[in-house]
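Trainee: One structure, as structure tokens, below. Some questions next.
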């Protein structure tokens, strides 16, 4: 059977109280027990001194002096706080016994050389006994004195105490469980409110947030954490929707262009040169689709659990030199010059393959968005351990700059720009840089150019 949370709290509290109460009750019983019986031994020892003061002996003969002590009521009656006396010789023969003993006799225990206390019973009455050896002036054993006092009063006190403790124990636990259950219900009431509110949140109203409790306690932190989680989920859902929409648009556009071209070609026969021209356009659109799919696959690999970074010491100038020729070929059509200011001994700690991908994307972007007869510069700052890719192209407006690393984001929102692209390159660059703990910083001014800086970890 599964208990509700409030009942589990009440149960654990009750178990804790049960252990503490049991310990307290045990201490109370021990204290009362010791108090109730300790004074009995004290009374017996006091009586012993009085009796010893009125005994005498002649060699091995015990002489009992006449005194009022022997006639006191406590030695004659057994009804109220009686004291019983018995004196025997070395053979266990009765020398004297108090009148209240009647026909009862105490056991003879000559082997106890020290004062000996024990419990017993006489005429159905519980008693506490003390046995003491009698010795003459020479130290010889000549008899034994037994003194007994009633335990009835102490026994009654302890018996009543046991019943009180036994009966009150389950009562205390029952009250504790009810009180704890009530307190727990009140304590988790805000939790129930959070549960009820959270259960109503779905994709249709993902913008709903939990009300924060008045007091800044653990429940406040819980509600705030859940709200933060909902924020992340909402952002993720919005990004997913935007990604789906953008991906669909990017795929649909070349497909529509291909379909339209084919439909035009099917309407009537045309000159071979027209077919060649149209087929070249179709191939261009297929290349665009291929590039898009390749970028999507790269993103999927980066975001997968199997994505691994193999960092090593890499000579930066060697990587740039290997890609320089490719970049020059692309820059020739725009008459853009590429200058490199990287010392030959510059070494960075990174994944060589992914750094090449980052640089290729950033330099390609600098060329694509550059101005005719412009320039692109790759410059190393040894003081900041930073590589900057600088262009003097069209730049990025302040309102667009914060979004340039979003998937499919392009400043030309109408997608009518003559610059080819799908808005995934910078998103891939950002993720690859973050994965290697490379700080990527973008600064730009519309009409004057942009700078993308890669600050490598030291």
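Trainee: Please work out the FRET efficiency for the pair residue 175 and residue 244, using the Cβ-Cβ distance as r and a Förster radius of 60 Å; give the result to the nearest 0.05.
Mentor: 0.50
Trainee: Against the longest alpha carbon principal axis of the chain, how many degrees, from 0 to 90 and to the nearest 10, is the axis of helix 272-303 turned?
Mentor: That works out to roughly 20 degrees.
Trainee: May I pose another question? Residue 326 to residue 232: extension gain in nm, 0.36 nm per residue of separation minus the Cα-Cα distance?
Mentor: That works out to 29.8 nm of additional length.
Trainee: Could you point to the label whose value was computed as Cα extents along the principal axes in Å for the structure here, given [x] 126, 65, 42; [y] 66, 56, 42; [z] 155, 55, 38?
Mentor: Label [z] holds the value from this structure.
Trainee: Apply 1/(1 + (r/R0)^6) to the Cβ-Cβ distance of residue 381 and residue 277, taking R0 = 45 Å, and write down the FRET efficiency to the nearest 0.05.
Mentor: Efficiency, from the Cβ-Cβ distance: 0.40.
Trainee: Take residue 33 and residue 61, extend 7 Å from each Cα along the Cα→Cβ direction, and tell me the distance between the two endpoints in nm.
Mentor: Each label point lies 7 Å from its Cα, and together they span 4.8 nm.
Trainee: Over the chain, what is the relative contact order in percent, taking alpha-carbon pairs closer than 8 angstrom and at least six residues apart?
Mentor: Values: 570 pairs, mean separation 44.2, N = 458.
This gives 10 percent for the chain.
Trainee: Hey, another quick one. Report, to the nearest 10°, how far helix 316-332 tilts away from the longest principal axis of the Cα atoms in the chain, using its own Cα long axis and a range of 0 to 90°.
Mentor: For helix 316-332, the angle is close to 40 degrees.
Trainee: I would also like to ask the following. Could you list 268, 4, 126 in order of exposure, starting from the residue whose Cβ has the fewest other Cβ atoms within 10 Å?
Mentor: Details: 268 6, 4 12, 126 15.
Ascending number of Cβ neighbours within 10 Å: 268, 4, 126.
Trainee: Rounded, prolate or oblate: which one fits segment 177-330, using the alpha carbon gyration tensor with axes a ≥ b ≥ c (rounded when a/c is under 1.5, else prolate when a/b beats b/c, else oblate)?
Mentor: On the way: a/c = 5.45, a/b = 2.09, b/c = 2.61.
Oblate.
Trainee: Express as a percent, rounded to the nearest 5, the fraction of DSSP beta bridges in the chain (both residues included) that run antiparallel.
Mentor: For the chain, the DSSP antiparallel bridge percentage is about 90.
Trainee: What length, rounded to one decimal in nm, is gained on full extension from residue 217 through to residue 42, with 0.36 nm per residue of separation minus their alpha-carbon distance? Spell out each step's value before the answer.
Mentor: Details: separation 175, 0.36 × 175 = 63.00 nm, distance 5.90 nm.
Between residue 217 and residue 42, full extension yields an extra 57.1 nm.
Trainee: Put a dot 7 Å past each Cα toward the Cβ at residue 347 and residue 159; how far apart are the dots in nm?
Mentor: Here the modelled spin labels are 9.5 nm apart.
Trainee: State the extension gain, in nm to one decimal, for the chain segment bounded by residue 23 and residue 191, taking 0.36 nm per residue of separation less the distance between their alpha-carbons.
Mentor: Result for the pair: 57.0 nm of gain on full extension.
Trainee: Here's something else I'd like to know. Measure nothing but the geometry: give the 0 to 90° angle between the long axis through the Cα atoms of 5-52 and the longest principal axis through the Cα atoms of the chain, rounded to 10°.
Mentor: Around 20 degrees separate the two axes.
Trainee: Sticking with this one: In nm, to one decimal, how far is the modelled label at residue 318 from the one at residue 123, with both set 7 Å along Cα→Cβ?
Mentor: Result for the modelled spin labels: 11.5 nm.
Each reported figure results from applying straightforward, stated rules to the coordinates on display, with no laboratory input. Remember, predicted model here, so these are calculated numbers, not experimental data. Heads up, the Cβs are rebuilt from the backbone with ideal geometry, glycines too, and the neighbour counts pull from every protein chain shown.
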